[in-house]
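Bear in mind these aren't lab numbers, they're just calculated from the coordinates by the rules spelled out. Values in this document were obtained by computation on a predicted structure and should not be read as measured data. Glycine also receives a Cβ, built like all others from the backbone with ideal geometry; neighbour counts cover every protein chain displayed.
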Amino acid sequence: MDFYLCTVCQVNFAEFFCVGYEEVFLCASCVPIYVSKYAHQQHHILPLAELPHYKSPGYFDRMQNRKEAFPRVQELASRSLEEIDKALEQFTTEIEKVIWELTKYASETTAQLRKTKELLKQETQAALEEVGRTLVASKPLLNSQYGPVFRAMTEEKRDFALFSFKIQVSSIPANALVTLLLDMPSPQQLLANFPLSFKSDLSSRDYFAVIYDDVLKLYDVNSQQSTTHSLAVKFGDGMSYVELTADTLLCVGGHPASSNVYTLDLASVQLTPQPALSLPREAPGVVMGNASAYIFGGRDLSRTELRNCDKFDLAASHCSEIGSMQHSRSWFTPCLYRAVIYLAAASHESSRAVETFRPETEAFTVLPISLPRDLELGCCSVAFVDYGELCMLTGAKQMLRWRVDSEREFRLTTTARVCWSTRQPRVVEAHVLIAYCGEVIKFSLQAYTFI
């Protein structure tokens, strides 16, 4: 028992017990009665609280109150955990964004420094050759001035060293030393005369490039001004492209479907052919991941949607087929988020499924989530990820939003205009830059409207 009734009166709760030949529980009123009735026995009256596992009558009421309070405590704890998860996810996303920006900046800076190093090497070699020509031209004058000593020196093998842009020639015969100092420009003057190209027109600017047919538009993100250039290749409106570096694009496919691959230098506006795709493609999804460009789906020459995918290795400049999606897709933009590429398109009924692709394992996975039934299919789209939320705009004036891996379904709303692209959009502060039919349009991430 957890509590006891008085053995004598059988009414009140016991407060004491008597240690004797048998267990006797007593209330405060019955202790004198019991002691006087059994005066011949030896009594040891002790408080009932000293019994092991004793629980007072109010114990169960307190336990019941605590039990009723547990759901409220659990609800408060769950809310706190959700807030912590949201804060942690936002913090992680911001850190990943900073890491990505730093990595991109380091890559661009390294590439620029390598170009500068190569240019300096070429210019230094040209300067040395010029010094050599000057020395040969000065040899007759030196022969006439220094006579046999210089002739003996020049007839032997000699070494030239470049010190502070001066040439020092040491003679080989013993005790004979002739020093020739040629006036050269100072390092500052020499560097000033070098035709170094630091992309001065790009170094202080951040361009968002847009291609439509054979026209390149460079939109300055800071000044919001645009310049247009003509390209040597006419791609049509089915070419997909993605940024390799700050000043280089990878262009694949076209209209009609094409297997051509080009790199485009934004500074010189020059197209360089690259190894071809495995199949002709129109409007495939292209995204960068793990130092490679991945090309998903598209349409072939018969305008049939494709499932197979290619990988363009930047280091080896090699294109190879890597497998197939579970569902065919075209006219969409894949999204890279936390080392996983998300594939979502509104092409047709079977493309309601959302797939992922992991570059490190090159494996496709179909997620247990699909595009909503109210979504109008058969239209182009453009997608991006903002702080862990996958957003997709379509050519049917619809917008879908899904909290990656934390929501069970998409949220569907309408927009004021159609929108789609074959170029990866770029998130800039509180809005998104989207390349649409040769123009740059902006979408606000705060009001979810077009600017």
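Here are the numbers for the structure shown:
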item: Unit charges at the beta carbon, dipole of segment 200-444: most positive-side option, Phe235, Ala316, Ser268; result: Phe235
item: Radius 13 Å from Cβ of Cys18, net charge of other residues (Lys, Arg +1; Asp, Glu -1); result: -3
item: Compactness index (Cα Rg / 2.2 N^0.38 Å), segment 200-444; result: 0.95
item: Extension reserve of the Lys117-Asp206 stretch, reckoned as 0.36 nm per residue once the Cα distance is removed; result: 29.7 nm
item: Aspartates and glutamates whose Cα lies under 19 Å from that of Lys311, excluding same-chain neighbours fewer than 8 positions away; result: Glu243, Glu282, Asp300, Glu321, Glu355, Glu360, Glu362
item: Radius 12 Å from Cβ of Leu88, net charge of other residues (Lys, Arg +1; Asp, Glu -1); result: -4
